[in-house]
Amino acid sequence: MGGKAAEMDDIYLHEYRPRARLFTKTTEVTKPRFPVVDAHNHLGDSFGSAWDKRPVAELLEVLDEAGVEVYVDLDGGWGENILYQHLDHFKAAAPERFQVFGGVDWSAWPQHGDRFGEWAAHKLRAQAAAGAQGLKIWKKFGLQVRDQIGQLVAVNDPCLDPLWAAAGELNLPVMIHVADPVAFFDPLNSRNERWEELHHHPDWHFPSPPYPAFQAIMDDLADLVAGHPDTTFIGAHVGCYSENLAWVGQLLEQCPNFHVDISARISELGRQPYTARRFILNHPDQILFGTDMGPDLETYRIYYRFLETDDEYFNYGTAEVPGQGRWYIYGLHLPDDVLKKVYHLNARRVLHLNG
């Protein structure tokens, strides 16, 4: 025993670059087996691409090469900022290829007080009249949004009932993102599996207190969805709880108006492949495709490989070191009938797309 290994100096975690020595199959999937509706993505400047300042024809070339027929842009905002710009730039240029979702101006709550929900419902109707085809709720809701007296607003706050009712009346799906990965709520110590990610993004850490406990937020989400059965909700990122598919599955079974997308969570799904495959097979009509990574060809192809193949132990990201945790994923090898639903049939129904 001993030798050079025993004498090796300690290294920093960011210097650690292990190479897997497994000999495993690698399947290149450049095109999806069926057409794709990307139900959760962005076209603002989130990824530094500034697609809203580039010719739409360039974007369509990327989507065509990726096999994406319809792309949902969640960056519309609430009209007074960029909703109309995105409708004019993307939707007007290729109306069958894009959907643009509106949003809620939470900063107006102190001004409108107890009538904020009614005011937000009125604004949603105006967005729909302008061409918005859904409502995006960002993760500030449940974590940072406060009412007129400075109280943190609960996800199931009854003041917002008019907003959810209006979405149902308008037949607009609500893409809702509350909370974040469970580890973001855990103490930031050596046992936190997302330590590296939180080290790079300390503003993503939501310890309780001062933030609500993770499970309290999720229970409020379940209460909200169950309380508005006539409104279609899409739980972003596998219902915001990809670490607990049994919990998400139970809510899907209890609430037919609830759906989830897989965006930015193949890292979680792919490290529990048996459970994830059963989860999708048990709820094939309520799972939507999405990446949340912009119109990126390499990302799309990783998602297709994950869904279509039985490849083992591969990187879920495009960087050398996976960004959400130091693990690799396994393919789900979904059957064709389920792939069709996840890739486009479910989204076409939920988003009211023709064809």
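Counting the residues of region 301-320 that are touching a Pro at 6+ places or on another chain (Cβ under 8 Å) and surrounded by fewer than 19 Cβ atoms within 10 Å (Cβ to Cβ) gives 1. Considering only residues that are farther than 13 Å from Ala130 by Cα and assigned to a loop (DSSP other than H, G, I, E, B), which ones fall in region 68-102? Correct list: Leu74, Asp75, Asn81, Ala93, Ala94, Pro95, Glu96, Arg97. Residue under question is Val37, and the condition is that it be in a loop (DSSP other than H, G, I, E, B), at pLDDT 90 or above and closer than 21 Å to Asp292 by Cβ; does it hold? For Val37, the condition - in a loop (DSSP other than H, G, I, E, B), at pLDDT 90 or above and closer than 21 Å to Asp292 by Cβ - is not met.
Does region 282-300 contain any residue that is out of contact with any helix residue (DSSP H, G or I) (no Cβ under 6 Å at 6 or more places or on another chain), outside any loop (DSSP other than H, G, I, E, B) and surrounded by 22 or more Cβ atoms within 10 Å (Cβ to Cβ)? No; the residues of region 282-300 include none that is out of contact with any helix residue (DSSP H, G or I) (no Cβ under 6 Å at 6 or more places or on another chain), outside any loop (DSSP other than H, G, I, E, B) and surrounded by 22 or more Cβ atoms within 10 Å (Cβ to Cβ).
The residue that is surrounded by the most Cβ atoms within 10 Å (Cβ to Cβ), among those in region 95-108 that are more than 22 Å from Val225 (Cβ to Cβ) and in contact with a strand residue (DSSP E or B) (Cβ under 9 Å, 6 or more places away or on another chain), is Val100.
Taken over region 242-251, the criterion of being surrounded by fewer than 23 Cβ atoms within 10 Å (Cβ to Cβ), in a helix (DSSP H, G or I) and either touching an Asp or Glu at 6+ places or on another chain (Cβ under 6 Å) or of a type outside the set (S, T, N, Q) (or both) is satisfied by Ala246, Trp247, Gly249, Leu251.
The set of residues from region 271-306 being farther than 23 Å from Ser49 by Cα, in contact (Cβ under 8 Å) with a residue 40 or more places away in the chain and not aromatic (Phe, Trp, Tyr) comprises Arg271, Pro273, Ala276, Arg277, Ile280, Leu281, Pro284, Asp285, Gln286, Ile287, Leu288, Arg305.
The values are calculated or read from the model by the stated rules, or taken from the named source; none is laboratory data. What you see is a predicted model; the values in this text were computed from it and never measured. Because the Cβ atoms are built from the backbone with ideal geometry, glycine has one as well, and the counts that use them run over all protein chains shown.
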